[in-house]
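Participant: Structure incoming, see below.
Coordinate-derived values only; no laboratory data. In this text, all values refer to a predicted model and were calculated from it rather than measured experimentally. Every residue, glycine among them, receives a Cβ derived from its backbone with ideal geometry; neighbour counts consider all protein chains shown.
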Amino acid sequence: MLFNSKIFISFILLTLSFYYFLPDRWKIWFLLALSYVFYGFWDPTLCSLIALSTVVDYWCGRNIADTTEQNKKKRWLYLSLATNLGLLGFFKYYDFFVGEFIHLLNLFQFQVHPEDYLLKLLLPVGISFYTFQTMAYSIDIYRGDIKEPERHFGRFALYVAFFPQLVAGPVERAPHLLPQFSRPFRLSIPMVKEGVFLIFLGFIKKVVIADRLANVIEPYYERFAENSVEAAWAMLLFTCQIYVDFSSYSDIAIGLGLLLGYHIRPNFNLPFVVPSIPERWRRWHISMSHWFRDYIFIPLGGSRKGAVRTQVNILIVMFLSGLWHGASNNFVVWGIGNGLTMVGHKLLTKPLRLLSGLMEKNAVTRVAYYYLCCWNTFCMIASINIFFRCPDWETAKSYVREIFLSGLTDYQNALFHPTSIPQELFDAFGWVLAVFAIHELQRYFQLKDRILHSTLLWAISCVIMFEIVAVFGISGPQFIYYQF
Amino acid sequence: MPKPIPPPPPQPTLEETHQAVRWALGLLMTTVGFFWLLSLSYHPKAAILDYGRSSSLEWILYRAQNLDTKRYRSHNNGKGKIIWLVGSSTIRESFDEKIINRELNIQESEYRIVKLGTNRGGAGIVAGLFQYLDVQQGDIVVHNVPPNSYKQNWLDYAAFPSYDLMLVKDSSEFWDINSWNLAEKLEQASAIPFQYWAHHNMVMKGLTRWIVYGMSLELPPPKRGPRHYLTYHRHEFRDFELRKDSANYIGKEGMDFSDEQFNIQGLRKIAAFCAEKDVELRLIYIPARQAYLAEMIHQDTLAQYQTFLESLDEEVYFFPQQPEDDYLDSIHPNFRGRKALTEYFIGWVDSPQKGKFPSITWDIPEYNR
């Protein structure tokens, strides 16, 4: 079920109408049942996968905690990891790795036909998210970060399948979300206000900005890049699109959680205008970044084994992050590209610090330098996002070639004849500026907090947002991160 | 070591919870109430719709809802009969209603025609118009059956926005759409209040026009007159593409003749309606240009389509193929083609010629053999 659909609006209105009247002990089961209805809406058979992950990790979690022998603990942990990674590996990566292996064999003149071995499996929605969430639970118990496992099956099952964050995150951690299911239902007016506000905000971002940007740039990515300026604009616009699209889902998820009486941790912290790549990753898809930090980066040694090893660890994490996003060479390159930019930033720390020190001399140069760094970071992210967005390797190559390697003719032409830039691309950049403006208003004036602080302002903003969403209409393309 | 995950924040009190639940339920009821009130102003006769009507189906629906049928029956001492030409844009472009009615009047024919041809007007869509039409015993219903109406996944191909579909379908009818799975049916059928969703798009377009004019401090705009949707295009030629990778291409096994196909379902509905009203249903095929038939449809599929037409209970009448220069684009006649087809139709009213399925004289590319 898509958040931006008519059926979901009806679903959530009915859910809340019944939910508030139910006794506390029934609320968990009610939400669990609805979460499976929500998930099974696409394909009821997919519920069996999430049920399998739930049962295995519930059982493994209890056994890891109850067993005193370290070897037995390890075996239960391996079972949990094998089940979840097995599910993920089979549905998401089987065709990719088999395809690459066959490609390699064919390079060595073995005549192997991929069609005989590829399964062309459809990726179950949300599998990348809930498998990571349940693995984190098992690992936390093994490490002792969670002292007592969840023994109530319903609560644990809801932790895995909680519908607001099931299909596209945030990837919640058990110490934060699970205890909330054990507590009695509590709600406050500020939670309701913030929940409603975030839901409307999410819909505005999705149906007004993200979908409009998608409509503009999709035709450009359906073919090879033919003009440097058009390709560059599409590249910049996509970076805005993916931010508003993904953050809108998180907003709606967090807002729904609040209306149901639960706190879901923020997934984005103003990542759109940031002065450096590491800063960006500290603010973007925070739940996934923390997951990789806690379960990959730190076990690899983190930053405790010297500068070189630290950079290698970063590259490994970003490679895996790329692979998590998609089973294709495009995403691998995207991940490695992000890793290289982080490594590059680390290598340039001293010169950048020197430059920053020079620019701090007065307010004007400080601000100008800050936004220059932000623009630089935005462009770097946008460049790497070519591989994220392009549907295949050849299209991505054409974009890289056209934007960076085909000379300055198209850029000069656009500079002296701005009307040569397609009007729709030009107009769409207005959305980028709007997102930038709101982003900075939030950063400097805490716009959201001021609105939530005043009931009148909150009511006016909700009505305005509602009207805007009503004008643009609800139904549209699915969220980008549903495909993971 | 990983940073510890912070525990959840402290909870509000029970009293705060009761207050908040009352608040939330109040918001819920206000939202639902607001939608219901809004839907009361969204009925088909709402003035704002006049300013938002812009698509082909919106105009054809408007014509069907407001047709002065008495005027079309005023001949024969008020007992005149009507030929209802209901179908796709090919119907719209192929016949000149004024000229046909003028000639039928001169010939003192018992018939006059009403033309209701809409873009992507497959049977599944136009079946929804009949509820507004005063079809009486003795009338004739004419519907065209072009091959692209029977494409696989026609609803995806036609890309009707859901608002348009809601204009001609009742909320209960979504359950009958066989080509949709359960999720799709639930999605559309859950759009309540129904009148709100059916007319929302037109209302928003109308409001937008008012706001735009209001901002420029001009007088309210005049009501928009009907455009070519109610008559036909006036160009001689419009650019078109004949590409195998086009969405319009119908490949091998590219058609679906099962009962689940959206327009075949619609055809059954139209046939049932005509049987109930005791009116004759004539199906017609107006051939597209030869280049289209040769290059945009696999010949095996074309043969299957021909077999399908022959298998129908209703008689299918094949109109004559027009010269390539008499087409506006790949499938619609231009003014020359319309002239010829109009003249043919006038003679066809009282003496319907069955005609022949068009034979392909254009070079058929290899991929279509």
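Participant: Partner chain Cβ atoms within 10 Å, averaged over the residues of B:158-169 - can you pull that number for me?
Facilitator: 1
Participant: The stretch A:39-138: which chymotrypsin sites (Phe, Trp or Tyr not before Pro) are DSSP loop and have at most 13 other beta-carbon atoms within 10 angstrom?
Facilitator: Sparse-neighbourhood loop chymotrypsin sites (Phe, Trp or Tyr not before Pro): A:108, A:110, A:117.
Participant: Quick one: of A:74/A:120; A:6/B:45; B:269/B:356; A:27/A:193, which pairs are farther than 23 Å apart, Cα to Cα?
Facilitator: A:74/A:120; A:6/B:45; B:269/B:356
Participant: Still on this structure, I have one more. Looking at the protein assembly as shown, send over the antiparallel percent of its DSSP beta bridges, to the nearest 5.
Facilitator: Taking every DSSP beta bridge with both residues in the protein assembly as shown, the antiparallel ones total about 10 percent.
Participant: Any idea what the relative contact order of the stretch A:44-142 is, in percent, if you count C-alpha pairs under 8 Å spaced at least 6 apart?
Facilitator: 41
Participant: Provide a whole-number value for the mean count of partner chain Cβ atoms within 10 Å of the Cβ atoms in peptide A:185-198.
Facilitator: Numbers: counts 4, 8, 10, 8, 9, 3, 8, 8, 4, 0, 1, 4, 0, 0.
Mean partner shielding for this stretch: 5.
Participant: Residue by residue through B:21-32, how many Cβ atoms from other chains fall within 10 Å of the Cβ on average? Present the calculation step by step, with values, prior to reporting the outcome.
Facilitator: On the way: counts 9, 3, 7, 12, 4, 1, 7, 7, 1, 0, 4, 2.
Shielding by partners across B:21-32 averages 5.
Participant: Still on this structure, please answer the following. Rounded if a/c is under 1.5, else prolate if a/b beats b/c, else oblate: with a ≥ b ≥ c from the C-alpha gyration tensor eigenvalues square-rooted, which is the stretch B:290-350?
Facilitator: Verdict is oblate for the stretch B:290-350.
Participant: Now for a separate question. How would you classify the stretch A:54-201 from its alpha-carbon gyration tensor, with a ≥ b ≥ c the square roots of the eigenvalues: rounded for a/c under 1.5, else prolate if a/b is greater than b/c, otherwise oblate? Walk me through the numbers on the way to the answer.
Facilitator: Details: a/c = 3.60, a/b = 1.53, b/c = 2.36.
Oblate is the answer for the stretch A:54-201, as a/c is 1.5 or above yet b/c matches or exceeds a/b.
Participant: What 222 nm value per residue comes from the helices of chain B, counting each DSSP H run with n ≥ 4 as -39,500 (n - 2.57) and dividing by all residues, nearest 500 deg cm²/dmol?
Facilitator: -13000 deg cm²/dmol
Participant: May I pose another question? Find which of B:131, B:337, B:213 sits farthest along the positive direction of the dipole of chain B, computed with +1 on the beta-carbon of Lys and Arg, -1 on that of Asp and Glu, about the Cα centre.
Facilitator: B:213
Participant: Give me the percent relative contact order of chain A, please, defined on Cα pairs under 8 angstrom at least 6 residues apart.
Facilitator: For chain A, the relative contact order is 20 percent.
Participant: Return B:282, B:71 ranked ascending by Cβ neighbour count within 10 Å, so the fewest neighbours appear first.
Facilitator: With the fewest neighbours first, B:282, B:71 line up as B:71, B:282.
Participant: Of B:74, B:39, B:94, which is the most mobile in a GNM of chain B whose springs link Cα atoms less than 10 angstrom apart?
Facilitator: Checking each option, the largest mean-square fluctuation is seen for B:74.
Participant: Here are some pairs, A:350/A:448; A:73/B:3; A:350/A:397; B:70/B:185; B:115/B:354; which of them have Cα atoms lying more than 27 Å apart in this structure? Can you show the working numbers first?
Facilitator: Values: A:350/A:448 36 Å; A:73/B:3 23 Å; A:350/A:397 33 Å; B:70/B:185 38 Å; B:115/B:354 21 Å.
Violating the 27 Å limit, Cα to Cα: A:350/A:448; A:350/A:397; B:70/B:185.
Participant: Label the stretch B:140-247 by shape, choosing from rounded, prolate and oblate, from the square roots a ≥ b ≥ c of the eigenvalues of the Cα gyration tensor; if a/c is under 1.5 it is rounded, and otherwise prolate applies when a/b is larger than b/c, oblate when it is not.
Facilitator: Because a/c hits 1.5 or more and a/b fails to exceed b/c, the stretch B:140-247 counts as oblate.
Participant: Cα-based Rg (one decimal) and Dmax (whole number) for chain A, in Å?
Facilitator: Just the Cα atoms of chain A yield Rg and Dmax of 23.7, 74 Å.
Participant: Continuing with the same structure: Let me check against my output: what whole-number percent is the relative contact order of chain B, with C-alpha pairs under 8 Å and at least 6 apart?
Facilitator: 22
Participant: I need the trypsin sites (Lys or Arg not before Pro) found in the stretch A:347-447, filtered to DSSP loop residues with at most 12 other beta carbons within 10 Å of theirs.
Facilitator: Passing both the DSSP loop test and the Cβ count: A:361.
Participant: Based only on other Cβ atoms within 10 Å, what is the fewest-to-most ordering of A:454, B:172?
Facilitator: B:172, A:454
Participant: Okay, moving on. Loop-only trypsin sites (Lys or Arg not before Pro) in the stretch A:138-189, please: DSSP not H, G, I, E or B, and at most 12 other Cβ atoms within 10 Å.
Facilitator: For trypsin sites (Lys or Arg not before Pro) across the stretch A:138-189 that sit outside H, G, I, E and B with at most 12 neighbouring Cβ atoms in 10 Å, the list reads A:147, A:151.
Participant: Nearest 5 percent is fine: what portion of the DSSP beta bridges confined to chain B is antiparallel?
Facilitator: The antiparallel proportion sits near 10 percent.
Participant: Expressed in whole Å with the largest first, what are the equivalent ellipsoid semi-axes of the stretch B:105-197 derived from the C-alpha gyration tensor as the square root of 5 times each eigenvalue?
Facilitator: 30, 17, 11
Participant: Figure the gain on full extension for residue A:148 and residue A:424 (residue separation times 0.36 nm, minus the Cα-Cα span) and round it to one decimal in nm.
Facilitator: The residue A:148-residue A:424 span can extend by a further 93.7 nm.
Participant: Could you please state, rounded to a whole Å, how far the C-alpha centre of the stretch B:234-308 is from the C-alpha centre of the stretch A:412-450?
Facilitator: Centre-to-centre distance over Cα atoms comes out at 46 Å.
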